[in-house]
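To start, the structure itself, in structure tokens.
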Amino acid sequence: MKIDGVAHRSIWPAEHGRSVHIIDQTRLPHGFVTTELATLDAAATAIRDMWVRGAPLIGATAAYGLAMALARDPSDAGLAKAAALLAATRPTAINLRWALDAVTARVAPLAEDQRAAAAWAKASEICEEDVAVNHAIGRHGLTLIREIAARKNQDKGKGEPVNILTHCNAGWLATVDWGTATSPIYQAHDAGIPVHVWVDETRPRNQGAGLTAWELGRHGVPHRLVVDNAGGHLMQHGLVDMVIVGTDRTTATGDVCNKIGTYLKALAAHDNGVPFHVALPSSTIDWSVRDGLREIPIEERSGREVTHLTGLTQDGRVETVAVTPPTTEAANPAFDVTPARLVTSLITERGICAASADGLASLFPERRAA
């Protein structure tokens, strides 16, 4: 994707091929800072402290982290220790485990002196596959936007934008490129279809305000920021044509685990007849889980993310301030689960399907018996 006309990815290898560069997303939107990750510990810190975030990007970073670990200790014990360390950084996003399993399967049969290079090649393959998958998600999701645009322009006249609400950041910053929920939006915008995005702020870490708004603005996509609680109001007044969100884990039956607050948007969409779509790569599907509410672990993050806010002061300094009384404790569940019954469709790299076991099996028949 583009930042002020210049193409970027969210993670890319250094020229010497022994480390990777990332965009430090904790510095956005007030500063564009890139950081080099050259060790296992650096990769683990980047994932755990959310320098990188978003299920696909977490997986890609973990894959490179495992490759860097094997360059130092390619033994079976080293492989197992590094994979366990990375797996513990973020418990909810399934892509993390998927990427680690993929790299481990590639290198485990090899001699120790071949493992680091093979792991690096697999990590690069995961990144390229992510780009292709997200572009395909966008092509399929674009058909939904085209249908709404055609209907609106027939009813209201040419040039009426398609109003899309999204939650959190499922943009290119959450993947290697294109994004999941944003891929159809970017492709519609680039194709000349008028679109307008309502961006949820997404408390407490404000990924919508700090990341989605930043990347949409830098690419030139019209958008407006709204507080998290405004979505239902907008839908009641006919100001939202569709909702597209991403997901960190999707069950084999179509339940969707995404950033906290997604469930409430789905409820509002259901009550107002607004289509609620979820964009996801198949690597985000956990085929071993059938009941999202009972089986998906929900990450509980630090209460300080709720009790404090970070922003830019008038004199250009980035400051963190408390917004609660000092004696107030905070709970901070990072995700919630949206039941499949509230999801209009799942948009995958293979096409669009119903959020159900049968719907997913129609696109992934090889997993039907899993």
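If I go through the stretch 234-291 residue by residue, how many of them are part of a helix (DSSP H, G or I) and not charged (D, E, K, R)? Steps first, answer last, please.
Filtering the stretch 234-291 for residues part of a helix (DSSP H, G or I) gives 234-236, 262-272, 282-284.
Applying the additional criterion that residues be not charged (D, E, K, R) yields 234-236, 262-264, 266-270, 272, 282-284.
Adding up the residues that qualify gives 15.
Answer yes or no as to whether ASN206 is open to solvent by 20 Å² or more (accessible area, probe 1.4 Å) and within 27 Å of ALA46 (Cβ to Cβ). Step through it out loud before you land on a result.
Details: open to solvent by 20 Å² or more (accessible area, probe 1.4 Å): yes; within 27 Å of ALA46 (Cβ to Cβ): yes.
In short, yes.
Just need a number here: residues in the stretch 1-41 that are within 23 Å of ALA121 (Cβ to Cβ), more than 21 Å from the chain's Cα centre (by Cα) and open to solvent by less than 80 Å² (accessible area, probe 1.4 Å). Number satisfying all stated conditions: 6.
For the stretch 292-305, filtered to residues that are charged (D, E, K, R) and either closer than 20 Å to ASP130 by Cα or not in a loop (DSSP other than H, G, I, E, B) (or both), the residue that is most open to solvent (accessible area, probe 1.4 Å) is ARG294. In the stretch 249-257 there is at least one residue matching the filter, namely being open to solvent by less than 10 Å² (accessible area, probe 1.4 Å), in contact (Cβ under 8 Å) with a residue 12 or more places away in the chain, in contact with a helix residue (DSSP H, G or I) (Cβ under 9 Å, 6 or more places away or on another chain) and of a type in the set (Ser, Thr, Tyr). Quick check on my filter: what residues within the stretch 140-154 are of a type in the set (A, V, I, L, M, F, W, C) and free of Cβ contacts under 8 Å to residues at least 24 places away in the same chain? The one that is of a type in the set (A, V, I, L, M, F, W, C) and free of Cβ contacts under 8 Å to residues at least 24 places away in the same chain: ALA150. If you go through the stretch 169-187 and keep only what is buried (at least 24 other Cβ atoms within 10 Å of the Cβ) and not in a loop (DSSP other than H, G, I, E, B), you end up with TRP172, LEU173, ALA174, SER183, PRO184, ILE185, TYR186.
Please work out if ALA331 is modelled with pLDDT of 95 or more and touching a Ser or Thr at 6+ places or on another chain (Cβ under 6 Å). Steps first, answer last, please.
Details: modelled with pLDDT of 95 or more: yes; touching a Ser or Thr at 6+ places or on another chain (Cβ under 6 Å): no.
Against the criterion (modelled with pLDDT of 95 or more and touching a Ser or Thr at 6+ places or on another chain (Cβ under 6 Å)), ALA331 does not qualify.
Tell me whether the stretch 56-75 contains one or more residues that are open to solvent by 10 Å² or more (accessible area, probe 1.4 Å), of a type outside the set (Phe, Trp, Tyr) and within 19 Å of the chain's Cα centre (by Cα). Within the stretch 56-75 (the criterion being open to solvent by 10 Å² or more (accessible area, probe 1.4 Å), of a type outside the set (Phe, Trp, Tyr) and within 19 Å of the chain's Cα centre (by Cα)), the answer is yes, since at least one residue qualifies.
The values are calculated or read from the model by the stated rules, or taken from the named source; none is laboratory data. Keep in mind that what you see is a predicted model, and the values were worked out from it rather than measured. Heads up, the Cβs are rebuilt from the backbone with ideal geometry, glycines too, and the neighbour counts pull from every protein chain shown. The protein model used for the area step is the full one, side chains on, heavy atoms only, and it has no ligands, DNA or RNA in it. Shrake-Rupley method; radii C 1.70, N 1.55, O 1.52, S 1.80 Å.
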